[in-house]
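Undergrad: Following this message is one structure expressed as structure tokens.
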Amino acid sequence: MSVHFERWNDHCVRLLKHEFVRFKNALVLWAMHPWERDARLVKEALKKGPQSYGVIVEIACTRSSEELLGARKAYHSLFDQSIEEDVATHIHGSERKLLVALVSAYRYEGPKVKEDAAKSEAKILANAIKNGLKKNPIEDEEVIRILSTRSKAHLKIVYKHYKEVSGNIIHEDLDVSDLILKETVECLCSPHAYFSKVLDEAMGSDSHKNTKKGLTRVIVTRADVDMKEIKEEYMNLFGVSLSKKIEEKANGNYRDFLVTLITRDN
């Protein structure tokens, strides 16, 4: 007796398994306390190496001072060492000093900005980047001081004056080899544009596995923070709604979970 049935092809089976894994990982991240979540994301980035150091920049530069302090406390409790210690131990390249300084930061978060200091520091950054062939700006002590200690309100004014001094925005003056420095500036001065780009790259058809993880990471970590602003910036940059893009690129429960998170503020 012959039995006829509709057989799933291997591609569909692999796709379903993959989406279940992504859904599970998203749920686990969502269930964690934000401090523990950030601590574990930093630990994972250090294990994966240079291609994931941007995640450390993201956490160090887009969290409030209290949130970053909380992540450092959680890291200490979870792994019996400090984030600063682990970053300094694992990272050996030119970005080490900057990354240690960023994860150690506790920035002033008030509205006061010293205009003269901002103008002066814009010139310091412009000169450091201009002389990048002589000395890598990511190793410049003054560049590290400005980016790791100044308030975000102050840095946005520095960012504005930089364009007046240089004629370009900082991103245009930094080349591909300065990726960590580029990401630091963008996370500090235009975080919603940064997050939008991470999301779009994560949904690229030829994106690397680590890049794809940015979709879960950004939506889960920003859903209760600034998702409305990120969605607006995404539409502004790419001309399509974030919800529509996710519906096109993701599948199943994973897709539904992400869309639910980003539409809760509607």
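Undergrad: If you go through the range 162-185 one residue at a time, how many are of a type outside the set (A, V, I, L, M) and within 17 Å of the chain's Cα centre (by Cα)? Give the derivation first.
TA: Let us first name the residues in the range 162-185 that are of a type outside the set (A, V, I, L, M), namely 162-164, 166-168, 171-173, 175, 177-178, 182-184.
In the following step, the residues that additionally are within 17 Å of the chain's Cα centre (by Cα) were identified as 171, 178, 182-184.
Summing the residues that are of a type outside the set (A, V, I, L, M) and within 17 Å of the chain's Cα centre (by Cα) in the range 162-185 gives 5.
Undergrad: Of all helices (runs of 4 or more DSSP H) completely enclosed by the range 3-93, which ones contain at least 1 residues that are among the β-branched types (Val, Ile, Thr) and open to solvent by less than 90 Å² (accessible area, probe 1.4 Å)? Let's see the steps before the verdict.
TA: Working: elements: 10-31, 34-48, 53-62, 65-79, 83-90.
So the answer is 10-31, 34-48, 53-62, 83-90.
Undergrad: Given the conditions (1) in contact with a Lys or Arg (Cβ under 9 Å, 6 or more places away or on another chain); (2) at pLDDT below 95; (3) closer than 27 Å to residue 139 by Cβ; (4) not aromatic (Phe, Trp, Tyr), report the number of the one that residue 204 does not fulfil.
TA: The number of the failed condition is (3).
Undergrad: For the range 161-189, how many residues are part of a helix (DSSP H, G or I) and either among the polar types (S, T, N, Q) or touching a residue at least 24 places away in the same chain (Cβ under 8 Å) (or both)? Full working, then the answer.
TA: Going through the range 161-189, the residues part of a helix (DSSP H, G or I) turn out to be 161-166, 170-173, 176-189.
Restricting the remaining residues to those that are either among the polar types (S, T, N, Q) or touching a residue at least 24 places away in the same chain (Cβ under 8 Å) (or both) gives 161-162, 164-166, 170, 173, 177-181, 183-185, 187-189.
Adding up the residues that qualify gives 18.
Undergrad: Does residue 133 satisfy being within 20 Å of the chain's Cα centre (by Cα) and aliphatic (A, V, I, L, M)?
TA: On the way: within 20 Å of the chain's Cα centre (by Cα): no; aliphatic (A, V, I, L, M): yes.
No: the conditions fail for residue 133.
Undergrad: Moving on. Within the range 192-207, which residues are assigned to a helix (DSSP H, G or I), open to solvent by 40 Å² or more (accessible area, probe 1.4 Å) and not acidic (Asp, Glu)?
TA: 192, 197
Undergrad: Within the range 226-239, does at least one residue satisfy the condition of being within 30 Å of residue 130 (Cβ to Cβ) and assigned to a helix (DSSP H, G or I)?
TA: Here is the first cut: in the range 226-239, the residues within 30 Å of residue 130 (Cβ to Cβ) are 233, 237.
Going one step further and asking which of them are assigned to a helix (DSSP H, G or I), we end up with 233, 237.
Looking for residues that are within 30 Å of residue 130 (Cβ to Cβ) and assigned to a helix (DSSP H, G or I), one finds at least one in the range 226-239, hence yes.
Undergrad: Same structure, new question: Would you point out which residue out of 239, 252 is at positive phi and out of contact with any Leu (no Cβ under 8 Å at 6 or more places or on another chain)? Steps first, answer last, please.
TA: Numbers: 252 fails: out of contact with any Leu (no Cβ under 8 Å at 6 or more places or on another chain).
239 is the lone residue from the list that is at positive phi and out of contact with any Leu (no Cβ under 8 Å at 6 or more places or on another chain).
Undergrad: So, in the range 121-159, of the ones that are over 23 Å from residue 91 (Cβ atoms) and among the β-branched types (Val, Ile, Thr), which residue ends up least open to solvent (accessible area, probe 1.4 Å)?
TA: Here the answer is 158.
Undergrad: Among the listed residues 250, 223, which satisfies the condition of being under 19 Å from residue 20 (Cα atoms), of a type in the set (Gly, Ala, Ser) and either touching a residue at least 12 places away in the same chain (Cβ under 8 Å) or surrounded by 14 or more Cβ atoms within 10 Å (Cβ to Cβ) (or both)? Write out each step before concluding.
TA: Working: 223 fails: under 19 Å from residue 20 (Cα atoms).
Unique residue meeting the criteria: 250.
Undergrad: Which of the residues that make up the range 42-61 are touching a Leu at 6+ places or on another chain (Cβ under 8 Å) and either of a type in the set (A, V, I, L, M) or over 22 Å from residue 177 (Cα atoms) (or both)?
TA: If the condition is that a residue be touching a Leu at 6+ places or on another chain (Cβ under 8 Å) and either of a type in the set (A, V, I, L, M) or over 22 Å from residue 177 (Cα atoms) (or both), then 43, 55, 56, 57, 59, 60 are the ones that fit.
Undergrad: Regarding residue 210, is this residue part of a helix (DSSP H, G or I), open to solvent by 20 Å² or more (accessible area, probe 1.4 Å), more than 19 Å from residue 50 (Cβ to Cβ) and at pLDDT below 95?
TA: On the way: part of a helix (DSSP H, G or I): yes; open to solvent by 20 Å² or more (accessible area, probe 1.4 Å): yes; more than 19 Å from residue 50 (Cβ to Cβ): no; at pLDDT below 95: yes.
It is false that residue 210 is part of a helix (DSSP H, G or I), open to solvent by 20 Å² or more (accessible area, probe 1.4 Å), more than 19 Å from residue 50 (Cβ to Cβ) and at pLDDT below 95.
The values are calculated or read from the model by the stated rules, or taken from the named source; none is laboratory data. Remember, predicted model here, so these are calculated numbers, not experimental data. A quick note on method: Cβ atoms are made from the backbone with ideal geometry, for glycine too, and the neighbour counts reach across all protein chains shown. The area values use the complete protein model at the heavy-atom level, side chains included, leaving out ligands, DNA and RNA. Shrake-Rupley method; radii C 1.70, N 1.55, O 1.52, S 1.80 Å.
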